[in-house]
Amino acid sequence: MSRLGNLGARLYRGEVGYDFIRNRKIWYGVSILITITAIIGVAVGGLRMGIEFEGGAVFTTDTKARISTVQATDVATEASGHQAIVQELGNGGLRIQITEVDTATANEIKETLSDELGIPANDINADLVGPSWGEQIANKAWTGLGVFMILVVIYLAIAFEWRMAVAALIALIHDITITVGVYALVGFEVTPGTVIGLLTILGYSLYDTVVVFDSLKEGQKDITKQTRFTYSEIANRSINSTLVRSINTTVVALLPVAGLLFIGGGVLGAGMLNDISLSLFVGLAAGAYSSIFIATPLVADLKERDPQMKALKKRVLAKRAAAAAKGESPDDDGPEDRRDDGSPDVETVGTVIGQPRSPGRTPGKR
């Protein structure tokens, strides 16, 4: 078995692990800091909306121009009076975007570009884009996002419980806010591809969260019938048991997206790939982070307020204190640690993550 596979097996059995729940205030603080930075970035710098949302003209050439993209940007900006965005196409031609341009102005700009680029005017294709189309896309995206959030909350509340639904919703909002903030901070253009990427990452983020929640749901069965673990400890065990799986799926998903972003958009200069690849890259990373450090700790915080969980925690701590006073191991089975048929509660016999194992014990065995 590989080293990573062996680590995953040990994490699943509770032999090793990290106490995510105990250090949850650190993760909350980090998330709040990142979220505030993202909000400030949007409020101060704003989002650089693409031509599909602002309206304007797009000029494309099939012939290689005499000047560079930097020079073409200066020419188009001076001719239009608005900041132009110039991208080099695979055939050597140029794609020039200029916002807030009407038909008359577009014809004048076309003539200027023809003279400066050394390309016949007939070889320059000009397309006008109205802002209403982008507005419709944005409105439909917001509608789709709202419907998705409502359905997610309803499904999780039915399949799991309302606390998990609330935690998953907060994690999704956290991921979207961070992704939008990164766009504002780096100045990437927001296009319909960006919107598609934002909607796509919601599914990935929710997937990782549901995997941990499913493990937690299994681990909390008959939780009040034992005095071995508190709810937070079982939640922490669920995170650790699915940790390697979450890392593997996230890395596998990030690799092709990173290729699009850094190689396709950065090295090869295919700038249009940046629109969707940046939102996917940031969203996938934020989704993996939130499922481990935000969603499950939030569930534990909410659940520990329940009177039954408070009573359970008191019993667990009291049993441990009594065992420590007698010099005994708190892992010794008692009547309360057995199921109705008298068998040991195998689901909760494993080691508490972050605490030393009792010598000679194997999860599920006495």
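Taking the Cβ of Asn107 as the center, what net charge do the other residues with Cβ under 14 Å away carry, scoring Lys and Arg +1 and Asp and Glu -1?
Working: positive: Lys110; negative: Asp102, Glu108, Glu111, Asp115, Asp127.
For residues surrounding Asn107, the net value is -4.
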Accessible surface of Lys313 - all protein chains present, 1.4 Å probe, nearest 10 Å²: 90 Å²
Environment charge of Ala84, counting only residues whose C-beta is closer than 11 Å and scoring Lys/Arg +1, Asp/Glu -1: -1
Per-peptide average of other Cβ atoms within 10 Å, ordering 176-182, 38-44 highest first: 176-182, 38-44
Accessible area of Asp115 in the full protein assembly, 1.4 Å probe (Å², nearest 10): 110 Å²
Gain on full stretching of the segment that runs from Leu199 to Glu100 - 0.36 nm per residue minus C-alpha separation: 32.9 nm
Ranked by how many other beta carbons lie within 10 Å on average, peptides 155-162, 233-240 from highest: 233-240, 155-162
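Considering only protein heavy atoms, what per residue accessible area in square angstrom results for the range 95-250 with a 1.4 angstrom probe? Intermediate results must be reported in sequence, preceding the final value.
Working: 6970 Å² over 156 residues.
Per-residue value: 45 Å².
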Candidate lysines for bridging to Lys303, where Cα separation is under 23 Å - those fewer than 8 sequence places away on the same chain excluded: Lys25, Lys217, Lys221, Lys225, Lys313, Lys314, Lys319
Solvent-accessible surface ranking, highest first, for Arg95, Arg315 at 1.4 angstrom: Arg315, Arg95
Contour excess over end-to-end distance, with Cα ends at Glu135 and Ala157 and 0.36 nm allotted per residue: 4.6 nm
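Report the gain in length on full extension from Phe148 to Glu328: 0.36 nm times residue separation, minus Cα-Cα distance, nm rounded to one decimal.
On the way: separation 180, 0.36 × 180 = 64.80 nm, distance 5.17 nm.
Residue separation times 0.36 nm, minus the Cα-Cα distance, leaves 59.6 nm.
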Accessible area in the full protein assembly, largest first, 1.4 Å probe, for Thr60, Thr227: Thr60, Thr227
Label-to-label distance, nm, for residues given as Ala318 and Leu185 (7 Å Cα→Cβ offset): 4.9 nm
Residue-level accessible surface for Met49, protein heavy atoms, 1.4 Å, Å²: 60 Å²
Accessible area, probe 1.4 Å, largest first, for residues His174, His82: His82, His174
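What is the sum of charges, Lys and Arg at +1 and Asp and Glu at -1, for the other residues whose Cβ falls under 13 Å from the Cβ of Ile32?
Details: positive: Arg24, Lys25; negative: none.
Within the 13 Å Cβ shell, the charges total +2.
The values are calculated or read from the model by the stated rules, or taken from the named source; none is laboratory data. Only a predicted model underlies this, so the values are computations on that prediction, with no experimental measurement involved. Cβ: placed from backbone, ideal geometry, glycine included. Neighbour counts: every protein chain shown. Areas reflect the complete protein model, heavy atoms only, side chains present, ligands, DNA and RNA absent. Shrake-Rupley method; radii C 1.70, N 1.55, O 1.52, S 1.80 Å.
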